[in-house]
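What follows is a short report on a single structure.
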Amino acid sequence: MTDVLPDATERFARAAIAEPDETLREMESRGEDFPTVGREVGQFLRLLARMVDAERVFEFGSGFGYSAYWFAAALPEDGQVVLTEHDEDELDEAREYLRRGGFADRAVFEAGDALETIERYDGPFDVVLVDHQKHRYPDALDAVREKVRPGGVVVADNAMVSGAQDFDAILDALEGGDPDLDAESRGIAEYLTTVRDDPAFETSVVPLGEGIAVSYRR
């Protein structure tokens, strides 16, 4: 993971939050060779879900369930987080981790394409996390725009950096330039400019992890 904060600031942000439980610590060890949102973003997602009294969460891209575990901890017992993942082995890992955390009853595990899965779900959702292929971010926003309740939020991970996008080119696009963008960078830039200019949303970018764009549905 390519963090956007200086090391000392990242250490400060981590020191200011409570230690995660044993299952999350094991998931973090598992995530040393797998991209996850990281502890600071995970804790922020849990806090965000609590602040909006979330009951239903949808994830575009769940991997082995790291972000979903944070969300599940914030939901009521009858809440629901929908995990989507192409890799069924990773989805099985997610199922086991959430079971061990006592959250299996709050999770729905969907194997396959997240953009196809969302079509089978009606809203409203309280929180949506977009964290799959970067070139498909604009499609994810379009798919959930009317399924996020007023007062809910859409969160996009990798809003600033990842191993597959050009930070400087995206910044140029956001500032009104016309850079030559690869597909991944174009997806992030289009997502950010679209949600920024949409009067239905109010958006801020939070520089935790690899940058998250948090968009409040008016």
Q) Roughly what would the spin-label model give for residue 16 and residue 52, points 7 Å off Cα along C-beta, in nm? A) 2.2
Q | Nearest-20 debye value, the chain charge dipole, Cβ charges on Lys, Arg, Asp, Glu | A | 920
Q | Ranking of 212, 17, 118 by count of other Cβ atoms within 10 Å, fewest first | A | 17, 118, 212
Q: Treating only the Cβ atoms of Lys and Arg (+1) and Asp and Glu (-1) as charged, compute the dipole magnitude of the range 80-206 about its Cα centre; round to the nearest 20 debye.
A: 660
Q. For residue 77 and residue 28, what does the FRET efficiency come to when R0 = 22 Å and r is the distance between their Cβ atoms, rounded to the nearest 0.05?
A. 0.30
Q.
So for each of 57-66, 177-186, 132-141 I average, over its residues, the number of other beta carbons within 10 Å; can you give me the resulting order with the highest mean first?
A. 57-66, 132-141, 177-186
Q. How big is D for the chain, in µm² s⁻¹ as a whole number, if Stokes-Einstein is applied with the Kirkwood radius of its Cα pairs at 10 °C and 1.306 mPa s?
A. 92
Q: Rank these for me by crowding, 160, 27, going from fewest to most other beta carbons within 10 Å.
A: 160, 27
Q: Could you compute the FRET efficiency for residue 178 and residue 122, with r as their C-beta to C-beta distance and R0 at 41 Å, rounded to 0.05?
A: 0.60
Q.
How far apart, in nanometres, would the label points at residue 99 and residue 168 be if each is projected 7 angstrom from Cα along the Cα-to-Cβ direction?
A. 5.0
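Values quoted throughout were computed directly from the atomic coordinates according to the rules given, and no laboratory measurement underlies them. Please read these numbers as outputs of a predicted model, since none were measured by experiment. In this analysis, Cβ positions are derived from the backbone assuming ideal geometry, glycine residues included, and neighbour counts consider all displayed protein chains.
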